[in-house]
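The values are calculated or read from the model by the stated rules, or taken from the named source; none is laboratory data. In this text, all values refer to a predicted model and were calculated from it rather than measured experimentally. Glycine also receives a Cβ, built like all others from the backbone with ideal geometry; neighbour counts cover every protein chain displayed. Remember, those area values only see protein heavy atoms, side chains included, never the ligands or the DNA or RNA. Shrake-Rupley method; radii C 1.70, N 1.55, O 1.52, S 1.80 Å.
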Amino acid sequence: MKLFRRLLFTFLAIAGAWSVQAQDIHFSQFYMSPLNLNPAMTGVMNCNTRLVANYRNQWASVLKANAFSTYSASYDQRIPVGRYDYFGIGGSFWGDKAGESEFATIQGRLSLSYSKRMGGGRNSGHYLVVGADGAAAQRSINFQ
């Protein structure tokens with residue numbers, strides 16, 4: 001009986017995960033929001049620190065007060081490790097409110113990356129970058 005329950009639970013978990021769908025936030029110029037694009041972009045820049053803020057108000061002329069609005073803010077920096085390698089650390093916060101039901105998502109995430117120089121000359125280099133991030137999110141809806 002215990003084996004049957006475990007198999008049933010495993011099947012339901014796999015079936016539930018298979019049907020899960022989601023939609024991420026999107027901006028018109030998505031490449032200007034690097035930490036939302038990929039955690040490996042943390043600390044990959046030509047400066048030591050970066051602060052990014054984005055805002056998008058979609059369908060405002062049609063939906064008026066029920067327009068889709070999305071905002072995002074992020075900060076990241078790179079820390080030198082050795083002569084050519086870098087460690088990147090950063091954080092981002094974004095929120096999204098959609099339509100008349102006011103379906104809202106708020107998310108905060110912490111991103112880490114490591115950039116290893118693989119070659120290149122004095123003015124340019126080739127890097128292998130690995131990144132990871134962790135997040136906490138809250139979703140809400142207005143049932144009225």
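For the range 35-61, enumerate the residues that are over 18 Å from D96 (Cβ atoms) and in a helix (DSSP H, G or I).
P39, A40, M41, S61 - these are the residues of the range 35-61 that are over 18 Å from D96 (Cβ atoms) and in a helix (DSSP H, G or I).
Return the total of residues in the range 62-78 being open to solvent by 70 Å² or more (accessible area, probe 1.4 Å) and not in a helix (DSSP H, G or I).
As a first pass, look at the range 62-78 and keep what is open to solvent by 70 Å² or more (accessible area, probe 1.4 Å): 62, 64-65, 68, 71, 75.
Within this subset, residues satisfying the condition of being not in a helix (DSSP H, G or I) are 68, 71, 75.
Selection size over the range 62-78: 3.
Among the residues of the range 109-130, is any closer than 28 Å to A60 by Cβ and either of a type in the set (A, V, I, L, M, F, W, C) or at pLDDT 90 or above (or both)? Spell out the reasoning first.
Going through the range 109-130, the residues closer than 28 Å to A60 by Cβ turn out to be 109.
Remaining after also requiring either of a type in the set (A, V, I, L, M, F, W, C) or at pLDDT 90 or above (or both): 109.
Within the range 109-130, one or more residues are closer than 28 Å to A60 by Cβ and either of a type in the set (A, V, I, L, M, F, W, C) or at pLDDT 90 or above (or both).
Identify, please: which residue in the range 124-144 is in a loop (DSSP other than H, G, I, E, B) and not polar (S, T, N, Q) and is, among those, most open to solvent (accessible area, probe 1.4 Å)? It would help to see each step written out before you state the result.
Kept after step one, since they are in a loop (DSSP other than H, G, I, E, B), are these residues of the range 124-144: 124-125, 141-144.
Narrowing further to those that are not polar (S, T, N, Q): 125, 141, 143.
Working: G125: 36, I141: 80, F143: 183 Å².
Here the residue is F143.
Does G95 qualify as being of a type outside the set (A, V, I, L, M, F, W, C), surrounded by fewer than 16 Cβ atoms within 10 Å (Cβ to Cβ) and within 29 Å of N142 (Cα to Cα)?
Working: of a type outside the set (A, V, I, L, M, F, W, C): yes; surrounded by fewer than 16 Cβ atoms within 10 Å (Cβ to Cβ): no; within 29 Å of N142 (Cα to Cα): yes.
Criteria not met by G95.
Mind listing whichever residues of the range 47-61 are crowded, with 16+ Cβ neighbours inside 10 Å and over 17 Å from G131 (Cβ atoms)?
Going residue by residue through the range 47-61, those that are crowded, with 16+ Cβ neighbours inside 10 Å are 50, 52, 54, 56.
Of everything in the range 47-61, those that are crowded, with 16+ Cβ neighbours inside 10 Å and over 17 Å from G131 (Cβ atoms) turn out to be N54, R56.
Contact list please: Cβ distance under 6 Å, first residue in the range 120-136 and more than 14 Å from M45 (Cα to Cα) and free of Cβ contacts under 8 Å to residues at least 12 places away in the same chain, second residue assigned to a strand (DSSP E or B) and open to solvent by less than 60 Å² (accessible area, probe 1.4 Å), pairs at least six apart or on different chains.
Close Cβ pairs (under 6 Å, with a partner that is assigned to a strand (DSSP E or B) and open to solvent by less than 60 Å² (accessible area, probe 1.4 Å)) do not exist here.
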